[in-house]
Amino acid sequence: MQGFNVLHPMGWDAFGLPAEQYAIDTGTHPKTTTLRNISRFRSQLKSLGFSYDWDREISTTEPDYYKWTQWIFLQLLKRGLAYQAEVPVNWCPALGTVLANEEVIDGVSERGGHPVIRKPMRQWMLRITAYADRLLEDLDDLDWPESIKEMQRNWIGRSEGAELDFVVINGNGKEEEKRITVYTTRPDTIFGATYLVLAPEHPFLSSLVSEAQSKHVEEYREHAFRKSDLERTELQKEKTGVFTGCYAKNPANGQAVPIWVADYVLGSYGTGAIMAVPAHDTRDFEFAMKYTIPISWVVRPDDSDCGNFVKPYSGEGSMINSSCSESGLDINALPSKEAASRVIQWLEKSGNGKKKVNYKLRDWLFARQRYWGEPIPVIFLDDTGEGIPVPETELPLTLPELDDFTPTGTGEPPLAKADSWVITKDPLSGKPARRETNTMPQWAGSCWYYLRFMDPKNSSALVDKAQEQYWGPVDVYVGGAEHAVLHLLYARFWHKVLYDIDAVSTKEPFKCVINQGIILGEVQYTACKDDEGNLISADSVDELAEYKQERIPEEKVMKSGDLFVLKDNPNIRLIARAHKMSKSRGNVINPDDVVLEYGADSLRLYEMFMGPLRDSKTWNTSGIDGVHRFLARSWRLVVGSASPTGSYPDGTITVDEKPSIEQLRSLHRCIDKVTEEIEGTRFNTGISAMMEFINAAYKWDKLPRSIIEAFVLLLSPYAPHMAEELWSRLGHSNSLSYEPFPKADAAYLKESTVVLPVQINGKTRGTIQVEETCTEEEAFRLASFDTKLSKFLDGKSIRKRIYVQGKILNIVIDMPKKAKVAQE
């Protein structure tokens, strides 16, 4: 409506765990349930009047779509960005699949809450780390919420430091050939390293452990493998570890330091080993205090002396206790940063280490032991095991129809059951081979769907270059903050790869990201009960978990100040809380029910009226009544009142007359406000502006058609169904979607009245409210009737009046001689 070509599409990201798990639980093929759900969603969305271009509808589960997902995978494979590796993974026995770190919460699967353990498996990986710097640097140019950009920066986690080698010392105190490499961001603190810590999954660990400690270390490792990375690195948790019985040599001072294993060190970060400096790291300090490990202070704060060390200091300062003549390293008295540079120079010169840039970001685990996903287009030769990509001309590699798609429970994917599909031949050599039986993760199809919307029917290319250059990149992306380090990061990675191979013309996929708030379920009220079943006021309860809780119906609740209490016993304060909608809580709102009772426009309007798009809001069905009444008033204003039978007359009650200045001002203020609030995604205040307009319009004697037509156009993005009907009744045969959106005229936005200062003989005695175009005569009349000013004018002789329209009124009066002297 503002002259732009707008691409507003809809599709279905339908592969993955949720669909497959439901299919397993119900015994229904996931394709059947997926198609049924898509049909249901489509009909619901259409009933709500969303302006999607349904000609561009896509589904990630259709072969003509995932053909190109597989094509992108082959491009990644060609460039060494897809590879296989033996890695410790999050294995969920109940789901029968490997989960990404982001899909494991507190040691259980995000989907279903099943226990997850760590175990090594050969997996497909995508080398997202190769793009870490570009993913980080290009964030600066994006119009995204700063919080989302910061989450990605932290997830990528770039840091500069050094890798250091600690030589292992055997039981006789002699150096071995084996070296443990550690990564640190504080090489300046090397003299303070009093022990090493290895991750439980470190490849050297088994060969380092002494016989006496072997059993203890193995038990500790097994326990650690049952924890998620998040649990292991939780800062608040108590630190645990086991001594390996082995030592290593600190290269800076030659001292033997004990080697420990602890789960707060991750095998996936850095080298899987750290040098622990307990004097200058809180985590290391807590560990050292617990296990009585020596602490050596090597950094003195610039505003402190050496005698005040009672807790760890992690900041910078001047180096102390940091020299050794045997190693030739002396950094005493140097500032921390200069000391760090000096240590790195010494490491590289002595062969004990090197400068290193590190990232928290890990390569992307890109395989699932599930059926319902994109087949990976790779075969493996029977004789050599060599992996060979499926030729691009044979894409799509389609999923075989399986009656039994349940997990095998062994780690072998369900596709391994499809013998006739798995057993194949290399198309080039004719040698017998087997297909890859893992499938792609559920994130694959959603990494590039926005490109397919630009050219959804293209069978010869991912997207036509001209179409991509015309539409791309995405101008506005609306999505939840939960996608920050998953979908949004993965999509950026794939897009940059596609940019590098000249498949797309922009470096980034999404120019602007808007995070919408969550619609919470209706407020639920609960009361606390003691062991004997007696109700207890919530304000007398310290720990809610210690008491039973009972749901209280809303009709038994009343508000008391800012609190909610029982109607029958106001002394019992209740807990009032709104939760995220879920079937288990019984607080899900079915849009079909709301549409049936109030209509789609009322539902749309209420969701927008609840608050700004970016804020989370609490649903309250009774709140729909207010916006429903507004729509009814808007209808009656334009169409007129209903007859006794409930029917409405044809057409409208508007008139073809020129609007008054007052009516134009009212309309253009509304246009200005609605336009501004739509641009700012503050739809609730845009609705408020239209409510104010309707209130003003009800006071008019006549409704000029031009005014009402403009208002209907303002209303149309919010309530399209009613607006289209009103537009038709106003005499138009075409849809209003193609009409220009009203533009505010600045001439009607100015305030029509001004505060006019009034002077008597040059001295300001008061002010009056006048129209901007007020005449001198009218201004003088208003001043004469003003209570404060009239006492200076009553009975006085007016010599002259000086009037500057809209600026000032100065009245010069004749005064008695004595009074004049007194005034002077």
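The values are calculated or read from the model by the stated rules, or taken from the named source; none is laboratory data. Treat the numbers as computed from the prediction; the structure is a model and nothing was measured. A quick note on method: Cβ atoms are made from the backbone with ideal geometry, for glycine too, and the neighbour counts reach across all protein chains shown. Surface accessibility is based on the protein's heavy atoms, side chains included, excluding ligands, DNA and RNA. Shrake-Rupley method; radii C 1.70, N 1.55, O 1.52, S 1.80 Å.
Checked against (1) over 27 Å from Tyr52 (Cα atoms); (2) surrounded by 19 or more Cβ atoms within 10 Å (Cβ to Cβ), Ile423 passes all but a single condition, namely (2). Does Gly11 satisfy the condition of being within 20 Å of Ser735 (Cβ to Cβ), open to solvent by less than 30 Å² (accessible area, probe 1.4 Å) and touching a residue at least 60 places away in the same chain (Cβ under 8 Å)? No: the conditions fail for Gly11.
Across the stretch 685-719, the qualifying residues are those that are of a type in the set (Ser, Thr, Tyr) and surrounded by fewer than 21 Cβ atoms within 10 Å (Cβ to Cβ), and the one among them that is nearest to the chain's Cα centre (by Cα) is Thr685. Taken over the stretch 23-79, residues that are in contact with a strand residue (DSSP E or B) (Cβ under 6 Å, 6 or more places away or on another chain) and among the β-branched types (Val, Ile, Thr) amount to 2. Beta carbons closer than 8 Å, at least 6 apart along the sequence or on distinct chains, pair a first residue in the stretch 636-659 that is on the phi > 0 side of the Ramachandran plot with a second that is of a type outside the set (A, V, I, L, M) for Gly640/Tyr648; Gly640/Pro649; Gly640/Thr652; Gly651/Arg729; Gly651/Gly731.
Return yes when Ala23 is open to solvent by less than 20 Å² (accessible area, probe 1.4 Å) and not in a helix (DSSP H, G or I) and no when it is not. The answer is no for Ala23.
One residue stands out in the stretch 372-402 among those that are over 36 Å from the mean Cα position of the chain (by Cα) and of a type in the set (D, E, K, R): the one that is surrounded by the most Cβ atoms within 10 Å (Cβ to Cβ), namely Asp382. Identification of strands (runs of 3 or more DSSP E) wholly contained in the stretch 198-296 with 2 or more residues that are closer than 23 Å to Trp91 by Cβ and touching a strand residue (DSSP E or B) at 6+ places or on another chain (Cβ under 8 Å) yields 256-262.
Return a yes/no flag: does the stretch 642-652 have any residue that is in a helix (DSSP H, G or I), touching a helix residue (DSSP H, G or I) at 6+ places or on another chain (Cβ under 8 Å), loosely packed, with under 14 Cβ neighbours inside 10 Å and at pLDDT below 95. Scanning the stretch 642-652 turns up no residue that is in a helix (DSSP H, G or I), touching a helix residue (DSSP H, G or I) at 6+ places or on another chain (Cβ under 8 Å), loosely packed, with under 14 Cβ neighbours inside 10 Å and at pLDDT below 95.
Looking only at the stretch 602-641, residues that are polar (S, T, N, Q) and not in a helix (DSSP H, G or I) come to 4 in all.
Entry remark, the stretch 107-122: residues being at pLDDT 80 or above, open to solvent by less than 50 Å² (accessible area, probe 1.4 Å) and over 19 Å from Gln21 (Cβ atoms) number 1 in total. Within the stretch 727-747, is even one residue under 31 Å from the mean Cα position of the chain (by Cα) and under 19 Å from Tyr648 (Cβ atoms)? Among the residues of the stretch 727-747, not one is under 31 Å from the mean Cα position of the chain (by Cα) and under 19 Å from Tyr648 (Cβ atoms), which makes the answer no. With the requirement that a residue be touching a Ser or Thr at 6+ places or on another chain (Cβ under 8 Å) and open to solvent by 50 Å² or more (accessible area, probe 1.4 Å), what does the stretch 26-56 give you? Across the stretch 26-56, the qualifying residues are Thr26, Lys31, Ser51.
Count of the stretch 76-101 residues, restricted to those that are of a type outside the set (Phe, Trp, Tyr) and either under 17 Å from Phe493 (Cα atoms) or part of a loop (DSSP other than H, G, I, E, B) (or both), is 12. Only one of the numbered conditions (1) crowded, with 17+ Cβ neighbours inside 10 Å; (2) in contact (Cβ under 8 Å) with a residue 60 or more places away in the chain; (3) of a type in the set (S, T, N, Q) is not met by Ser59, and that is (2). Restricted to strands (runs of 3 or more DSSP E) entirely inside the stretch 414-485, those with at least 1 residues that are within 30 Å of Asp615 (Cβ to Cβ) are 474-479. The residue that is farthest from the chain's Cα centre (by Cα), counting only those in the stretch 81-106 that are open to solvent by 20 Å² or more (accessible area, probe 1.4 Å) and of a type in the set (Asp, Glu), is Glu86.
Residues in the stretch 343-352: is at least one touching a strand residue (DSSP E or B) at 6+ places or on another chain (Cβ under 6 Å) and assigned to a loop (DSSP other than H, G, I, E, B)?
Yes, some residue in the stretch 343-352 is touching a strand residue (DSSP E or B) at 6+ places or on another chain (Cβ under 6 Å) and assigned to a loop (DSSP other than H, G, I, E, B).
All of Gly3, Gly49 fail the test of being in a loop (DSSP other than H, G, I, E, B) and under 27 Å from the mean Cα position of the chain (by Cα), apart from Gly49. If you filter the stretch 763-785 down to residues that are open to solvent by less than 50 Å² (accessible area, probe 1.4 Å) and under 17 Å from Ile813 (Cα atoms), you find that the one that is nearest to the chain's Cα centre (by Cα) is Gly766. Within the stretch 420-438, residues that are of a type outside the set (Phe, Trp, Tyr) reach partners that are in a helix (DSSP H, G or I) with beta carbons closer than 6 Å, at six or more positions or on different chains, in the pairs Arg434/Val422; Arg435/Val422; Thr437/Leu415; Thr437/Ala416. On the stretch given as the stretch 271-329, residues that are surrounded by fewer than 21 Cβ atoms within 10 Å (Cβ to Cβ) and more than 22 Å from Arg232 (Cβ to Cβ) total 30.
Being in contact with a Gly (Cβ under 8 Å, 6 or more places away or on another chain), more than 30 Å from Thr773 (Cα to Cα) and either at pLDDT below 95 or of a type in the set (S, T, N, Q) (or both) narrows it down to one residue among Asn734, Asn684; which is it?
Being in contact with a Gly (Cβ under 8 Å, 6 or more places away or on another chain), more than 30 Å from Thr773 (Cα to Cα) and either at pLDDT below 95 or of a type in the set (S, T, N, Q) (or both) holds for just one of Asn734, Asn684, which is Asn684.
I need a count of the residues in the stretch 128-158 that are part of a loop (DSSP other than H, G, I, E, B) and either open to solvent by 80 Å² or more (accessible area, probe 1.4 Å) or closer than 17 Å to Phe510 by Cα (or both). Here the count works out to 4. Applying the condition of being closer than 14 Å to Ile180 by Cβ and among the aromatic types (Phe, Trp, Tyr) to the stretch 191-224 and asking which residue is surrounded by the fewest Cβ atoms within 10 Å (Cβ to Cβ) yields Phe204. When the stretch 741-756 is limited to residues that are of a type outside the set (A, V, I, L, M) and open to solvent by 40 Å² or more (accessible area, probe 1.4 Å), the one that is modelled with the lowest pLDDT turns out to be Glu751.
Filtering the stretch 504-559 down to residues that are in a loop (DSSP other than H, G, I, E, B) and either basic (Lys, Arg) or open to solvent by 80 Å² or more (accessible area, probe 1.4 Å) (or both), which residue is farthest from Leu488 (Cα to Cα)? Selected residue: Glu532.
Checking each residue in the stretch 663-684 for being open to solvent by 10 Å² or more (accessible area, probe 1.4 Å) and free of Cβ contacts under 8 Å to residues at least 24 places away in the same chain picks out Lys673, Glu676, Glu679, Gly680.
Would the stretch 787-799 turn up any residue that is in contact with a Ser or Thr (Cβ under 7 Å, 6 or more places away or on another chain) and more than 30 Å from Val655 (Cα to Cα)? Scanning the stretch 787-799, I find at least one residue that is in contact with a Ser or Thr (Cβ under 7 Å, 6 or more places away or on another chain) and more than 30 Å from Val655 (Cα to Cα), so the answer is yes.
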